[in-house]
C-alpha cells in the first residue's frame, strides 16, 4: 500500500531538499558569488580597476576591516556582538602612533595590551553580570572613545608616527604587496585553525548554537565568552596599529561606523547573527566584497559613495531573511 | 551490605519546595545495577523535579542522595556526569547547527599530535558508533537536519559513550518512529546487560511493561507506589497515577462539583469535526451542548492540550472544522476564535495565560479593550466597573486591582485568568487543568464556578489529570489516546473505574 | 532567633531598594544634580543657560519616547539615528513647495523605515536588534544618497522659524517635544494600543491567546519610533539651519537607549515609563553639561556616561530567567 505513496513523498522531499540547498548556498556562498560578479563587472568596465596597483590598494585598505571582522566573527558565532571595535580601532591607532617613539615593539604591544584589557573588562561584565552584549559593548564604544579623546587632548593632538621600523613596516612591501596584508592573511589562517580545529573553537560554536545545551554538555560558557571578547579587542587594537603605520599618524576622527562595516561583512559572509554558525572564509569574502564595491564606486566617480552602505544594509537584510527562511524550512522538514 | 550490593543511586526522603508548590514531598527512590526502572506520573507529579535532583540540576531541600551507597552532593550537572549519570532529555539537548560528529564528541574530541582536533578520525569514529544505533546518514551534516528520532539516538549515543553507569531517559520514544523505538530498545537491552541502571520516563504503558523491571509512581509530589512492575496490572498502574489515594478522599472530601448539569439540549454550541494536525492530532471530533461540561480524558501526551489549542485557533490544523453556534470558523486563529465566543485557559498559565508583570486590572481587561473604549481611548470607568464585578464575583483576594498579578497566589492568578475569559462573554470555555497548582480552597471555588457557568448555559470543555475532578465535573468524558479519540463515557459510565478501564485498555 | 529575623528584615530592605532604585533613582539623581548646579555652577539658573539645555536635549527626548515604546515590547530600535538623518535629508527636497510638504515627506520616510523594521520583526520573525541593524546601516546610506552626500544650507524662513522662534519664551522645538511626550504618555496610559503594547512586551504568548493582534501592535510600534526619529531629524535641521546627513543623529540610539533605561524602563519589556524617560534624557544632558561647566572634559563625560549606562542596566535587570 505504501508503494504508491512513497515515490510521491520522495519527490516532495527531494524538491524541498533542493530549495533548501539553494537557499543554503545563497546564504553561505552568496558573498563569494556576488564578489565574483562584481569583480567581473569591474574588470570589464573600468580600466583602472584592472591594474595590479589597484588590487594592492583594495587589499591594503581592507586589512584593518578584515582584522576587526575576524574578531567579530568569533563574537557573533557565540551569539554576541561587539559594538566597541570601531572606537577600539581608533584608540589603537592613537596609542600606536604615540608609542612608536619607543620603537616598533611598543607600537604593537601598547594598543594590543590596552584594547585587549578593554575586551577583557567587557567580557567579564557580559559573562558574570549577564548583561546583554550589545548594551555592554555600546557602553564600551562610548568608554573607548572617551579614553581616546582623553589621550589626544580631546582630539586636538594628532600623534605622528616616528620615522623608524614601525613606519617602515607600514610602507614595506613584499612582491608588491604590503606587509600588513601578509599579517592579516597569516592571522586568518591561525583564526581558521582555532575556530575549526580546537576545543575552544568548538565551544564557540556550541554556546552560540544553544547555550543551555552547551552547559549541559559541559562547555565552559563564561571562559569562552570572555576569551572571545578579549580576542575581538586585541584584533581591533592591532587593526589600529596597522592603520597608524600605513597613514603615519594616529587619526582621531576615523573609525566611526567601523563596527557596522565589520558586522556587515561578517553577516554578508554567511555567519548567523543569532550565533552558532559561520565561517571565516565567508567573512573574507564579505570584507572584500564591501571593499571592492567601495573601490568601484570611487572609480566611477559619478556614483555617491553612500551606495556602499545602502548595498551593505540591504545585503544584511536579505541574508538574515534568507537565514530565517532557511531555519523555518528546516524546522518544517524535521518536525 | 557490601559495596557491590549497594544500589547505584538512591534518594531517601527527598523534598523540594518551590515558591507556592511542594514539588517533592518525602520521596524515596532506589535504582539498582542492571535495572530498568520506570518513573511515571502525570504532569506536576514531580517526575522532572526528581530527575533534576538525581542529575544535579536542583539541590534538594531535605533528604539524602546516595551514590553506590555513599552520601553525595551534586552541585551541578557536571558533578552528576562525573559520577557516571547521563541524561537524555525529552527535548534534544544538543546543538542543532553543529555537525552530528561534533555534537557527539563536543568536549572530548580526539586530538592529533599538535593538539588540534582530528576531524577525520572524529568523523570516522562517529560514523562507526552511530552505525550501532542504526544511523547511517552523513555525520558531517548539521544535527538539526536529521529527523528528531535520529537526533534522539545521537543524544543517547553521546550519553552512553561516557562510561555511563546510570542513564536517565525522559520520554525517549515520544519523537521516535516504530523502527527507531526497536533500535532504542535494543540499546537499552545492551545497557541492561552491561549492568547500567536506567531510569525510564514514559506514558506509553505497553513500553513500560515490555522493557521495565521496576516502577515508581509519583502523584502531587508524593510517592504513591514503588515495586516490581510485574506485580502491578495496568488498571492498578493507571489508578495509582490518576486516582486519589483513599486517605486523601477521607481528609478533603470529594470535589466541590455538584451533580449532573441539565444540558439544555438542542443545537451544540461547539462542534469539532475531524481535526487533524501532523504528528499531534488525528481525526478528533466531538460536540458540546450548551450547559454541558465535556471532559477530555487520557494520559499525558494523549493530545488533550493539543485539542484545546486546536479549537482555540492556536495550533495550526492540516484539516478539520470548528463550529461555534452553527457558524464555522473560517480562519482559525486566536483572534477569530475569541470573536466567535471561544475563551481558552491554557495549561501553563504563567507562560501562556497571564501577563505577570501587569496588574490584575490590566489582565482582566486585556481581551475586551475594544469594548471598553471609544475611538481607541480606554474608559477607566468602564474598566473599573468590569474589574470590580469580577473581583467580587470570583472572590479574587488581592490588595487591590492594581496589584501585580505575578505577586498573587496561584489560586488567585487562576481566578484573574478566568475573569479575563468571562469578561469576553464567551459561549464556550476551554479549561486546561483549571485547578493545577492551586490550594485546596481555591480549587473548590474554581470547581463550583465551573458548575455555575455551565448552569448559566455555557459549553465547557474540561481537561484534568485528576480523575475524580474530571469524572465529577463532567457530564460526558471523551477519552483520547495518541492524538485520537479512544472512547467516550456517557451517563452512568462516567465513573473513575470506567475512565481508568478505557485508558488502560486503550493503551494496550 | 534574632539573627535570622534581622537578616530577613535587612534582606527585605535591600529588596525594596532594589525594586525602587530603577524607578525613582533617576528623579533623585536629577534633583541632586540640579541642586549641585545651583550651588556650584555660575549662571545655571539664568534663562539663557536653561534654554540651551532644553534645546539641546530635545532631539534625544523625542527619539527616546519612541525607543521607550519599542523597548516596552521587549524590542530595540538601533536605526533611529539613521532615520533622523533620513528625515533631515528629505527636508530640502520639497522645501521649495513649502514647509508642510517638506515635513510630510520626512514623516513618510519615517513611516517607510518603520514599516520595514516592523515587518521584519513581526512577519519574518527577526530579532529586533538584527532587523534594525540592517536599517541602521542602510538608512544613513539612503540619507546620503538622497542628499547626494552634500551638506545643504536651508534658507526657508518659515521652516527655520521652528528652530529659532519661541512661544512664551520657550522655543517651539521644546514645545513640540513636550506635546509629543504628553501624547506618548497618553497613548501608553489611556489607549487600547498602549495596553496591548505592554501586554505584548510582558508575555507575547499570553497576549496572542487573549486575542491581541500582536503583529499589528509590533508594526505600529516600530512605525511610531521611526516617525518620532524623523521628526527629531526635522527639528535638528531647523535648529542648525542645515541638513548634513552624514552627521545628524550619529549615536543617538545610544543616548536614547540610555535615557530609557536610566528612566526605569526595563529592557525586558512590559513597562514603559514616559516621564522617567524624559527625566533620563535630562539627567544625561545635565550630567554632560555639568561636567563641561566644571571643566571636566568631553572625554571624561563620555567615560562617565558609559559607566552610568552599565550601572543603570545592571540595577534594572529583572526577571532575567523567563
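So which residues in segment A:98-113 are buried (at least 24 other Cβ atoms within 10 Å of the Cβ) and either at pLDDT 90 or above or within 24 Å of residue A:215 (Cα to Cα) (or both), if there are any at all?
A:111
Can residue B:441 be described as modelled with pLDDT under 80 and in contact with a strand residue (DSSP E or B) (Cβ under 8 Å, 6 or more places away or on another chain)?
no
Looking at (1) in contact (Cβ under 8 Å) with a residue 12 or more places away in the chain; (2) out of contact with any strand residue (DSSP E or B) (no Cβ under 9 Å at 6 or more places or on another chain), which one does residue B:330 not meet, given that it meets all the others?
Checking residue B:330 against (1) in contact (Cβ under 8 Å) with a residue 12 or more places away in the chain; (2) out of contact with any strand residue (DSSP E or B) (no Cβ under 9 Å at 6 or more places or on another chain), the one that fails is (1).
Regarding segment A:150-166, can at least one residue be identified that is more than 30 Å from residue C:130 (Cβ to Cβ) and modelled with pLDDT of 90 or more?
no
With the condition kept exactly as written, say whether any residue in segment B:39-51 is within 26 Å of the chain's Cα centre (by Cα), within 14 Å of another protein chain (Cβ to nearest Cβ) and either modelled with pLDDT of 85 or more or surrounded by 16 or more Cβ atoms within 10 Å (Cβ to Cβ) (or both).
yes
Name the single residue, out of those in segment B:387-408 being outside any loop (DSSP other than H, G, I, E, B) and surrounded by fewer than 20 Cβ atoms within 10 Å (Cβ to Cβ), that is nearest to the chain's Cα centre (by Cα).
Top of the filtered list is B:406.
Assess whether residue B:98 counts as being over 15 Å from residue A:209 (Cβ atoms) and either modelled with pLDDT under 85 or crowded, with 16+ Cβ neighbours inside 10 Å (or both).
When the stated conditions are applied, residue B:98 does not pass them.
Among the helices (runs of 4 or more DSSP H) lying completely within segment C:128-203, list those that include at least 3 residues that are more than 14 Å from chain A (Cβ to nearest Cβ) and within 21 Å of residue C:77 (Cβ to Cβ).
In segment C:128-203, C:172-190, C:192-202 are the helices (runs of 4 or more DSSP H) which contain 3 or more residues that are more than 14 Å from chain A (Cβ to nearest Cβ) and within 21 Å of residue C:77 (Cβ to Cβ).
Yes or no: segment A:161-177 includes at least one residue that is surrounded by 15 or more Cβ atoms within 10 Å (Cβ to Cβ), under 14 Å from residue A:59 (Cβ atoms) and either out of contact with any strand residue (DSSP E or B) (no Cβ under 9 Å at 6 or more places or on another chain) or more than 9 Å from chain C (Cβ to nearest Cβ) (or both).
yes
Give A:237, A:278, A:233 a once-over and let me know the one that is on the phi > 0 side of the Ramachandran plot, touching a helix residue (DSSP H, G or I) at 6+ places or on another chain (Cβ under 8 Å) and touching a residue at least 40 places away in the same chain (Cβ under 8 Å).
A:278 is the lone residue from the list that is on the phi > 0 side of the Ramachandran plot, touching a helix residue (DSSP H, G or I) at 6+ places or on another chain (Cβ under 8 Å) and touching a residue at least 40 places away in the same chain (Cβ under 8 Å).
Name every residue in segment B:11-29 that is without any contact (Cβ under 8 Å) to a residue 60 or more places away in the chain and surrounded by fewer than 22 Cβ atoms within 10 Å (Cβ to Cβ), in order of residue number.
Once the filter is applied, which keeps residues that are without any contact (Cβ under 8 Å) to a residue 60 or more places away in the chain and surrounded by fewer than 22 Cβ atoms within 10 Å (Cβ to Cβ), segment B:11-29 yields B:11, B:12, B:13, B:15, B:17, B:18, B:19.
May I ask you to say which residue of B:126, B:120 is outside any loop (DSSP other than H, G, I, E, B) and surrounded by fewer than 20 Cβ atoms within 10 Å (Cβ to Cβ)?
B:120
Among what's in segment C:249-274 and is within 19 Å of residue A:142 (Cβ to Cβ) and more than 10 Å from every other protein chain (Cβ to nearest Cβ), pick the residue that is surrounded by the most Cβ atoms within 10 Å (Cβ to Cβ).
C:256
Restricting segment C:289-320 to residues that are more than 10 Å from chain A (Cβ to nearest Cβ) and in a loop (DSSP other than H, G, I, E, B), which is modelled with the lowest pLDDT?
Ranking the candidates gives C:319 first.
Please count how many residues of segment B:345-386 are part of a helix (DSSP H, G or I), over 13 Å from residue B:416 (Cα atoms) and more than 28 Å from the chain's Cα centre (by Cα).
11
Just to be sure, is residue A:149 in contact (Cβ under 8 Å) with a residue 60 or more places away in the chain, over 30 Å from residue B:110 (Cβ atoms), at the interface with another protein chain (Cβ under 9 Å from one of its Cβ atoms) and crowded, with 16+ Cβ neighbours inside 10 Å?
Yes; evaluated as a whole, the condition is true for this residue.
Select from segment B:343-390 the residues that are touching a helix residue (DSSP H, G or I) at 6+ places or on another chain (Cβ under 7 Å), within 24 Å of residue B:460 (Cβ to Cβ) and more than 10 Å from chain C (Cβ to nearest Cβ) and list them in ascending order.
Answer for segment B:343-390, where residues must be touching a helix residue (DSSP H, G or I) at 6+ places or on another chain (Cβ under 7 Å), within 24 Å of residue B:460 (Cβ to Cβ) and more than 10 Å from chain C (Cβ to nearest Cβ): B:347, B:360, B:364, B:386, B:387, B:390.
Only one of B:178, B:172 is more than 14 Å from chain A (Cβ to nearest Cβ) and modelled with pLDDT under 85; which?
B:172
Across segment B:75-92, what is the number of residues that are under 13 Å from residue B:150 (Cα atoms) and either within 9 Å of chain A (Cβ to nearest Cβ) or part of a helix (DSSP H, G or I) (or both)?
Total satisfying the criteria: 1.
Residue B:437 fails exactly one of the following numbered conditions: (1) crowded, with 23+ Cβ neighbours inside 10 Å; (2) in the same structural domain as residue B:308 (by TED's automatic domain parsing); (3) part of a loop (DSSP other than H, G, I, E, B). What is the number of that condition?
Checking residue B:437 against (1) crowded, with 23+ Cβ neighbours inside 10 Å; (2) in the same structural domain as residue B:308 (by TED's automatic domain parsing); (3) part of a loop (DSSP other than H, G, I, E, B), the one that fails is (1).
The values are calculated or read from the model by the stated rules, or taken from the named source; none is laboratory data. Quick caveat, the model's predicted, so the values are computed rather than measured. Reconstructed Cβ throughout: ideal geometry from the backbone, glycine too, with neighbour counts over all protein chains shown.
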